[in-house]
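Written below as structure tokens is the structure these notes are about.
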Amino acid sequence: MVDSDIWDSEIIATVRKYALQNAVEYDGAGQSGSVLGRLLGERADLRKMARELKTLVEKEVASANHLASSQGIQAARDVLAATNPEALQREKQKKRVGLKDLPNAQQGKVVLRFAPNPNGPLTLGHARGVSINSEYAKMYHGKVVLRFDDTDSKVKPPMPAAYDWIESDYEWLTGAKADIIIRASDRIPLYLDHAEQMLTGGFGYVCRCSAAAFKQLRDGKEACPCRPRSVEDNLIDWESMKEGNIAEGEAVVRVKTEMDLPNPALRDWPALRIQHSTHPMVGNRFKVWPLLDFQSAIEDHLQGVTHIIRGKDLMDSTRKQTILYSHFGWTYPETLYWGRVKVYEFGGFSTSGMRAEIENGVYSGWDDARLPTLRALRRRGFDATALRAFWIDLGLTQKDISVSLQTIEAFNAKEIDANCERRAFVRNPVSLELRTEMDESNPMDMISVPKHPDGKIEGARIWNLASQRILIEKQDAEIETIRLKDYADISNINGRATVQSWDRSDRRPIVHWIPENMARQAELSIPNGMKLHSVKGMIEDFELNIGQIIQLERVGFAKIESLADDLPVKLIWLHN
């Protein structure tokens, strides 16, 4: 059943108006949700049919976006001007630009921190922390501490190579090194010293209860029998822990809290535990290691951190650390929170999970194009400025949200388009003989094709048509009348492309093509979820360079990875 059988022509026209308006305003990237919102704002009577309208809206948005992207924004603007000229006057909704102000921040005194676990390189999710913290440091002429939280050598053991990877990723994303770089594993004596101060001060104790026994007491709001022990007894056990005379799991150091706190997880929380496993960076020097909440709190104080930005799932960490700060007589930093952001295409990737699958051969390495690591995104050609812009535009929100990678790609396309030359890439190529039956001689044996359609890159690609053979895609070769982009209208019968007009004479499809004598074999790798598709074809052999990002006509952006002699050009997909 067609839409006209369901909706009257007035509703269809109104939806089309807003779809075109949205496509014009957002450069061919209109969104169905925005269009539906505008429609229901004008037609309150349709609100009860919002669910049914969804399909119509999506169809019209797709059509408007296609028009704007295939024929240009001006084409969409012209259609809108002819039907609803008043819709061109709408101003985009004004939105926040940049990040909101930090509470109680002073110029030149703001210190923030980004604290990854070096069990792998940085991911797209980590890029949020790097971008937001470094942007705030820039706003307030402050500093960012890059701190490697690497005190867990059992569950998430650090990778020695990851330290350099992370520093490199950080510098690539921000354009500069972090102001201060520290490794928690290098600073264990400082944490042990503060633990001893805690024991001596009477606001910490060595607990010898089993985990199960302590949990039962904690849940019942009862103090464990170790809590009232004397400072001297605690220090004796403390020395035994440090010397390795107590086995793993047989003692922990706890922070004293009120036992009737509403959240059981906060009651006498553990600060340090025994860990006899070898650490890849410091070996077997230490037998007692801090847990993250304790280590992070001490280090934030030592570095003078003024503002902490963390996930809202870590609110309990804030509460634990605030108690510890109070014991030491310190002032806790201002703390801001954000919700989770899920990128549809990458699902629930974790660094530990990726590491295991790389080791099992599922992925070729940390820069495998299917992964959400910054190494993979860099390899594909994503721009650091675009990634930063995406996260800064998203800002600090405690809402859990899901976004499509297409949203990030839109930021990237906006950043790189002006600097990307165009090239033709013909998939499933078909060779045609090129002829003209017009009286005039062919004035276009040599044609000049711009490197960039809007002239943002100077110069042209010169195509030589002396061979009289061209390549077009198989699906295009099945159409009898087409226009060769930037050249001529042709008829295609029995493998012969006959020129009918140099000027565009009708609305026949425009197709991309290459002179056969200027074509070279190529292979494009396209990541799609867990799969990596390979698309073979012929690429325009004009000034190709390794590492160059180009826009393939009617295909999308891609990066050239190899140009070995007598082998196909290897490209990796970036995005549409």
Practice prompt. Please arrange K156, K100, K456 by counting, for each residue, the other beta carbons lying within 10 Å of its beta carbon, fewest first.
Written response: K100, K456, K156
Practice prompt. Take the Cα radius of gyration of the chain and divide it by 2.2 N^0.38 Å, with N its residue count; two decimals is plenty.
Written response: 1.26
Worksheet item: In region 477-542, what GluC sites (Glu not before Pro) fall in a loop by DSSP, with at most 12 other Cβ atoms inside 10 Å?
Response: E478, E480
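Find the relative contact order for region 189-292 and round it to a whole percent, using C-alpha pairs within less than 8 Å whose residues are 6+ positions apart. Don't jump to the answer; show the numbers that get you there.
Working: 149 pairs, mean separation 28.3, N = 104.
It comes to 27 percent, rounded to a whole number.
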Discussion item. I need two numbers for region 420-576: Rg to one decimal and Dmax as a whole number, Cα atoms only, in Å.
Written reply: 15.8, 56
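Sorted by packing (mean other beta-carbon atoms within 10 Å per residue), highest first, where do 120-132, 246-258 land?
Working: 120-132: 23.3, 246-258: 17.7.
Highest mean packing first, the order is 120-132, 246-258.
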Item to complete: Could you go through region 342-354 in sequence order and give the Karplus-derived ³J(HN,Hα) for each residue, using 6.51 cos²θ - 1.76 cosθ + 1.60 with θ = phi - 60°, rounded to whole Hz, and x for Gly and Pro?
Response: 10, 9, 3, 5, 9, x, x, 4, 10, 4, 4, x, 5
Worksheet item: Based on the Kirkwood radius over alpha-carbon pairs, what is the Stokes-Einstein translational diffusion coefficient of region 189-292 at 37 °C with 0.692 mPa s viscosity, in µm²/s?
Response: 234
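Send over the semi-axes of region 375-471's equivalent ellipsoid, whole angstrom and largest first, taken as the square roots of 5 times the C-alpha gyration tensor eigenvalues.
Details: eigenvalues 370, 48, 26 Å².
In descending order the semi-axes read 43, 16, 11 Å.
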Discussion item. Could you order the peptides 60-69, 496-505 from most to least packed, using the average number of other C-beta atoms within 10 Å per residue?
Written reply: 60-69, 496-505
Worksheet entry | Reach of K154 by Cα under 25 Å, taken over lysines that are not fewer than 8 positions away in the same chain | K215, K242, K287, K320
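Take I408, I392 and order them by how many other Cβ atoms sit within 10 Å, fewest up front. Mind dumping the intermediate values first?
Values: I408 22, I392 18.
Final ranking by Cβ density, sparse to dense: I392, I408.
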Discussion item. For the chain, take the longest principal axis of its alpha carbons; what is the angle in degrees between that and the long axis of helix 9-25, to the nearest 10 within 0 to 90?
Written reply: 70
Worksheet item: Under a plain spin-label model, where a point goes 7 Å from the Cα along Cα-to-Cβ, how far apart in nm are S467 and E250?
Response: 7.9
Worksheet item: Remind me, relative contact order of region 341-417 in percent, using alpha carbon pairs under 8 angstrom and six or more residues apart?
Response: 39
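Can you sort S32, S562 so the residue with the fewest Cβ neighbours within 10 Å comes first?
On the way: S32 20, S562 12.
Taking fewest neighbouring Cβ atoms as first place, the list is S562, S32.
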Fill in: Gyration tensor (Cα) of region 3-89, equivalent ellipsoid semi-axes in angstrom
21, 13, 12
Worksheet entry | Cα centroid of region 303-334 to Cα centroid of region 255-274, whole Å | 15
Worksheet item: In deg cm²/dmol, rounded to 500, what helix-only [θ] at 222 nm does the chain give when every DSSP H run of at least 4 residues adds -39500 (n - 2.57) and the total is split over its residues?
Response: -10500 deg cm²/dmol
Response to the item:
Here the averaged projected area of region 341-417, based on the convex hull of its alpha-carbon atoms and given in nm², is 5.3
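Under a Cβ-Cβ cut-off of 9 Å, what is the net charge of the residues other than F214 that fall near it, where Lys and Arg count +1 and Asp and Glu count -1?
Numbers: positive: K215, R218, R254; negative: D268.
Net local charge, F214 excluded: +2.
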Worksheet entry | Mean separation of Cα contacts under 8 Å (6+ apart) over length of the chain, as relative contact order % | 10
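Give me the orientation-averaged projected area of the Cα convex hull of region 51-134, in nm², one decimal. Walk me through the numbers before you get to the answer.
Values: hull surface 46.6 nm².
Averaging across all directions leaves 11.7 nm² for the Cα convex hull.
A short reminder: the numbers here are calculations on the coordinates, not readings from a lab. As the structure is a prediction and not an experimental result, all values here were calculated from the model. All Cβ positions, even for glycine, are placed from backbone atoms using ideal geometry, and neighbour counts span all protein chains on display.
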